[in-house]
Amino acid sequence: MTIFKLALQSLKNRKATALLTVLTVAISVMLLLGVERVRTQAKDSFANTISGTDLIVGARSGQVNLLLYSVFRIGNATNNIDWKSVEDIRANPAVKWSIPISLGDSHRGFRVVGTTGDYFKHYRFGQKQALTFREGKPFEGLFDTVIGAEVAQKLGYSLGDSIVIAHGLADKKFSRHDNLPFTVTGILAPTGTPVDRSVHVSLPAIEAIHIGWESGAQLGAVISAEDIDIETLQSDQITALFVGLKSRIQTFALQRSINEYTKEPLTAIMPGIALHELWSLMSVAEQALLVVSGFVVIAGLMGMLSSLLTSLNERRREMAILRAMGARPSHIFVLLFSEALLLTALGIVLGVVTLYGVLAVASPFVLSHYGLQLSASWLSLHEWMLMGIVLSAGFLVGVFPALRAYKQSLSDGMTIRI
């Protein structure tokens with residue numbers, strides 16, 4: 001304990017150098033834990049985007065591409081699904097429920113999702129959590145819309161507001177369906193998923209706003225809501241179909257049946273397997289981030305080693321005086337070793353505290369701009385292991401200056417060779 005107090009007092013006397021060393025270690029630890037937390041929570045966020053859905057059906061394509069455009073609203077479908085195929089899939093005895101999804105339009109940078117009321121009944125995220133309404137209710141009228149929490153927040157919408165959907169992803173004046181505005185009847189509670197960044201309308205509404213747009217532009221006469229016969233509105237095609245089964249045992253059989261469907265080329269994927277493939281594609285980037293942050297930690301510890309070695313020559317008289325007062329060479333070794341260990345421990349603590357401070361400040365920004373939920377949860381076992389590795393590395397780094405001081409204290413005595 002006396003040596004530990006002596007090490008602490010020695011660091012106080014060199015507080016400027018010690019503080020810089022602690023800051024260097026703290027920044028490297030914060031970066032290491034920050035990269036690890038972003039990596040794990042990004043994976044959890046992706047995995048929690050959809051749950052309880054056994055199969056996702058789309059036009060023939062790769063399973064990662066189908067997952068990205070149907071669930072994450074990234075990219076576009078290679079083709080659409082004919083409604084007759086949807087009816088055939090729904091007629092399968094193994095199917096318990098299905099949610100049709102129609103994509104392709106947008107509203108001020110947010111994707112528009114055409115669907116049915118089953119979307120709000122059966123769609124699940126996280127640990128099979130159902131969608132809930134912060135305000136309002138599901139769409140009932142033809143030109144009702146339900147918007148995600150982020151859409152409402154960023155665009156300042158409330159119940160009863162009117163919005164105009166644009167044809168395609170580029171929301172330009174010439175592409176807007178401004179003759180058929182929608183009314184906000186519901187605002188969903190935040191989910192931390194792409195649902196927050198989506199505008200939901202009914203499938204008949206998608207058909208209604210595209211009357212006269214069959215060639216991709218408005219060529220026919222401009223129609224009004226009064227001119228539309230709701231009974232005649234029937235979707236011919238959709239983008240994707242989410243399917244829930246009565247028993248998961250039937251998943252592989254139905255998947256094979258859909259993939260071998262003869263009337264049109266279809267692909268059925270299991271979301272969990274597709275997510276695993278997506279993360280395996282990104283594993284190289286994950287490892288690269290960890291390697292870079294690891295080298296930053298090594299650089300921080302090397303900076304501490306350099307600082308201790310540089311100050312060692314200036315402290316040889318101090319070591320000699322300690323020897324004259326009865327300190328053994330082993331005491332000198334433990335003193336230098338304790339200083340290195342103390343600097344490392346303080347750097348780790350400061351790095352963790354700084355990480356939580358950054359998470360508290362940056363989490364709302366990251367969630368609103370990138371849809372990634374970064375929680376300030378307690379350190380995981382893996383993060384404790386990383387800190388243990390850093391502390392062990394600090395232990396090893398402290399051995400070199402301590403061993404040198406030990407050897408010098410044996411030879412110097414009271415006579416210091418300059």
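All of the numbers you see were taken from the coordinates with simple rules; none came from a lab. Given the structure is predicted, the values throughout are model-derived calculations rather than measurements. Reconstructed Cβ throughout: ideal geometry from the backbone, glycine too, with neighbour counts over all protein chains shown.
At 1.306 mPa s and 10 °C, plugging the Kirkwood radius over alpha-carbon pairs of the stretch 55-269 into Stokes-Einstein gives what diffusion coefficient in µm²/s?
D, rounded to a whole number, is 89 µm²/s.
In the structure shown, do any of LYS137/LYS263; LYS128/LYS263; LYS121/LYS263; LYS96/LYS128; LYS43/LYS128; LYS121/LYS154 have a Cα-Cα gap over 28 Å, and if so which?
With Cα atoms farther than 28 Å apart: LYS137/LYS263; LYS128/LYS263; LYS121/LYS263.
Would you mind computing, in nm to one decimal, how far apart the modelled labels at SER162 and LEU396 are, each placed 7 Å from Cα along Cα→Cβ?
Result: 7.0 nm between the two label points.
Considering only DSSP states other than H, G, I, E and B, which trypsin sites (Lys or Arg not before Pro) in the stretch 76-110 qualify as loop sites with at most 14 other Cβ atoms within 10 Å?
ARG108
Spin-label point model (7 Å from Cα, Cβ direction): what's the LEU19 to LEU381 distance in nm?
Simple spin-label model gives 4.0 nm for this pair.
Quick one: what are the phi-derived ³J(HN,Hα) couplings along the stretch 349-358, Karplus 6.51/-1.76/1.60 with θ = phi - 60°, whole Hz, x for glycine and proline?
Per residue, the Karplus-derived 3J(HN,Hα) values read 4, 5, x, 5, 4, 5, 4, 5, x, 5 Hz.
Please give the length that would be gained between SER257 and HIS210 if that part of the chain were fully extended, namely 0.36 nm times their separation in residues minus their C-alpha to C-alpha distance (nm, one decimal).
13.7 nm
Could you sort 52-58, 127-133, 140-146 so that the peptide with the highest average Cβ count within 10 Å comes first and the rest follow in order?
Top to bottom by mean Cβ count within 10 Å: 52-58, 140-146, 127-133.
Please compute the length gained on full extension between TRP279 and ASN179, using 0.36 nm multiplied by the number of residues separating them and subtracting their Cα-Cα distance.
Here the answer is 31.7 nm.
Using a 10 Å cut-off around each Cβ, can you sort THR78, THR262, THR115 from fewest to most neighbouring Cβ atoms?
Listed from fewest to most nearby Cβ atoms, that is THR262, THR78, THR115.
Ranking request for peptides 288-297, 176-185: highest mean number of other beta-carbon atoms within 10 Å first, then the rest in descending order.
176-185, 288-297
So what J values fall out for the stretch 133-148 if you push phi through Karplus, 6.51 cos²θ - 1.76 cosθ + 1.60 with θ = phi - 60°, rounded to Hz, Gly and Pro as x?
Along the stretch 133-148, the couplings run 9, 6, 8, x, 7, x, 5, 10, x, 4, 10, 8, 9, 10, 10, x Hz.
Restricting to bridges with both residues inside the stretch 55-269, how much of the DSSP beta-bridge set is antiparallel, in percent to the nearest 5?
Taking every DSSP beta bridge with both residues in the stretch 55-269, the antiparallel ones total about 80 percent.
Once you place label points 7 Å from the Cα toward the Cβ at GLU135 and ARG60, how far apart are they in nm?
It works out to 4.8 nm between the two label points.
What ranking, highest mean first, results for peptides 243-255, 16-28 when packing means the other Cβ atoms within 10 Å averaged over each residue?
Ranking the peptides 243-255, 16-28 by packing returns 16-28, 243-255.
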